[in-house]
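Each value in this text was obtained by applying a stated rule to the coordinates, not by laboratory testing. Please read these numbers as outputs of a predicted model, since none were measured by experiment. Don't worry about glycine lacking a Cβ; one is built from the backbone with ideal geometry, like all the others, and counts go over all protein chains shown.
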Amino acid sequence: MPDLTVVGAQWGDEGKGKVVDCLSRTARLVVRYQGGPNAGHTVRARGRETILHQVPSGILSPGAKCVIGCGCVVDPELLAEELAGLARAGVRTRGRLVVDGRAHLIMRWHRRLDRLREERAGAGRIGTTGRGIGPVSTDKVDRVGIRAADLLDEDAFQAKFKRNLAAANWLLMEKFRADPIPQRRLMADCWQATRPLAAMVGDGGALVNEALENGRRVLFEGAQGVHLDIDLGTYPYVTCSSTGVNGVASGVGVSPLWLTEAVGVVKAYTTRVGEGPFPTELAGAEGDTLRVLGGEFGATTGRARRCGWFDAGLVRSSVRYNRFTALALTKLDVLDSLVEIPLATGYRLRPQAGETRGGVVEHFDATRAARLEPLYETMTGWRTPTGHCRSWRELPLAARRYVRRLEELVECPVALVSIGSDREQIIEVKKGALQWLKSG
């Protein structure tokens, strides 16, 4: 199997970085197909923690070349900082990273507009990362955006820069009653900051197609999660791109007929950052306990994540949308100390006015999320550390039963289980569940 897609199957922060790091060791290309610096993929190896926002997680696999696809949005200043951090850590990136020329660029005014919109929204805020994703996506759809390829032509870049900054300043002054951004110094700063990126601009889609046509192994890396998808997610509390397998074709420039295997990454419980519905959310002490045990604070913003029990209906919907070959279950070790572990098997739909009953719902429905009441069953905890386990049989029996029950409920096999933050703390559950692992 020459390709594999890795997708977050909840609301992001599932541990995709670690899973991609594990699976990319035999990849020739690792390709980010959507998202931007709002992502935060964390990999821990040999006592060192690396947080990647825009660079594909495969950059930590020396044999892999990386592509930032046309479906991504790129902040050139933050990317330069990220690359400098990798260099200090001894990670070679020169000649190993290509930025598709069709990817749109985030400028400083996008970040400022994003933050002002959130501040002014008050109780109606979405809970964005403030990284400028919404405003740059607005420019993209409005067909006025600045793309990476514009960095190869200084005159074209400056013309678009002046036009877009003027439009942004109008919004700042007229809509937000804020001070405008001075043009001359900002243009000089941005042009200087984008020089390292210009050397990486190329045709990422052609590179990926050539690799697939020649049978080379390509791993597609998603950001955020299925239920933050612009179309399928809990709108308006979503991101601005297609986060599932559906985003690969347009976010890279390949035919969907190439795609053969997909892994959905899920936590052994559920978390969410920002606003929006969350049926299994735990309030008070229970939520605080899970947050502390799991270290649930955002890699990008540092915000505390909302925490809750595993939601089978949520993941079951992700499996339906993406036809996952298998799942990678992360943070099972976070549950090690619990005596009992509730998990939601489905939902009761609260009746609307005039209805006598609402019925039972098996799949998460974003359009009726506010009416979903989770139905729980309780599993016995294992109360034994699992971080030392290196095989499926070494896991406590109760932990294995928990994993098997999740498989039954979401109707998808679990291929990998992560039981710690280090890159080596990951177990292959069943040999051959993924052709990618079998053929690597």
Once the piece of chain linking E174 and A121 is laid out straight, how much longer is it, given 0.36 nm per residue of separation minus the C-alpha distance between them?
17.4 nm
Residues of segment 282-322 with backbone N under 20 Å of the label point set 7 Å from the Cα of T378 along Cα→Cβ are 282-291, 308-312
Please check which bits of segment 1-21 a label hung off F297 would reach, taking the label as a point 7 Å along Cα-to-C-beta and the cut-off as backbone N under 19 Å.
13-15
If the only charges are +1 at each Lys and Arg Cβ and -1 at each Asp and Glu Cβ, what is the size of the charge dipole of segment 63-108 around the Cα centre, to the nearest 20 debye?
260 debye
Taking a quarter of the surface of the Cα convex hull of the chain, what do you get in nm²?
21.9 nm²
Excluding same-chain residues fewer than 8 positions from K16, which aspartates and glutamates have a Cα within less than 14 Å of its Cα?
E221, D422
Relative contact order, percent, of segment 346-391 when contacts are C-alpha pairs under 8 Å separated by at least 6 residues?
38 percent
Which entries of K65/K431; K65/K331; K267/K430; K331/K430 have Cα-Cα distances beyond 20 Å here?
K65/K431; K65/K331
Report the FRET efficiency, 1/(1 + (r/R0)^6), for R92 and R195, where r is their Cβ-Cβ distance and R0 is 25 Å, rounded to 0.05.
0.80
On a full-extension model of 0.36 nm per residue, what is the gain between R143 and R323, subtracting their alpha-carbon distance, rounded to one decimal in nm?
61.5 nm
Could you tell me the calculated FRET efficiency between R25 and L186, based on Cβ-Cβ distance and R0 = 45 angstrom, to the nearest 0.05?
0.60
What relative contact order, as a whole-number percentage, does the chain give when Cα pairs under 8 Å and 6 or more residues apart are counted?
20 percent
How much net charge surrounds M379 when only the other residues with a Cβ under 15 Å from the Cβ of M379 are counted, with Lys and Arg +1 and Asp and Glu -1?
-1
Could you run the Debye sum over the Cα atoms of segment 278-372, one equal point scatterer each and no solvent, and tell me log10 of I(q)/I(0) at q = 0.12, 0.18, 0.22 Å⁻¹, two decimals?
-0.50, -1.01, -1.23
Sites D288 and D155, calculated FRET efficiency, Cβ-Cβ separation with R0 60 Å, nearest 0.05:
0.60
Run down the lysines and flag those whose C-alpha is under 20 Å from the C-alpha of K162, throwing out any fewer than 8 positions away in its chain.
K140, K175
Whether segment 125-165 is rounded, prolate or oblate, judged on the alpha carbon gyration tensor where a/c under 1.5 counts as rounded
prolate
Take the Cα atoms of segment 264-439, find their three principal axes, and give me the spread along each one in whole Å, biggest first.
55, 35, 33
Find the all-direction average of the projected area of the Cα convex hull for segment 116-247, expressing the result in square nanometres with one decimal place.
10.3 nm²
In degrees, nearest 10, range 0 to 90: what is the angle between the Cα axis of helix 397-410 and the longest Cα principal axis of the chain?
60 degrees
For the chain, the longest principal axis of the Cα atoms and the Cα long axis of helix 154-174 enclose an angle in degrees, to the nearest 10, of 70 degrees
Calculate the length of the line joining the C-alpha centroid of segment 76-111 to that of segment 186-258, in whole Å.
14 Å
Of all DSSP beta bridges in segment 299-440, antiparallel share, percent nearest 5:
75 percent
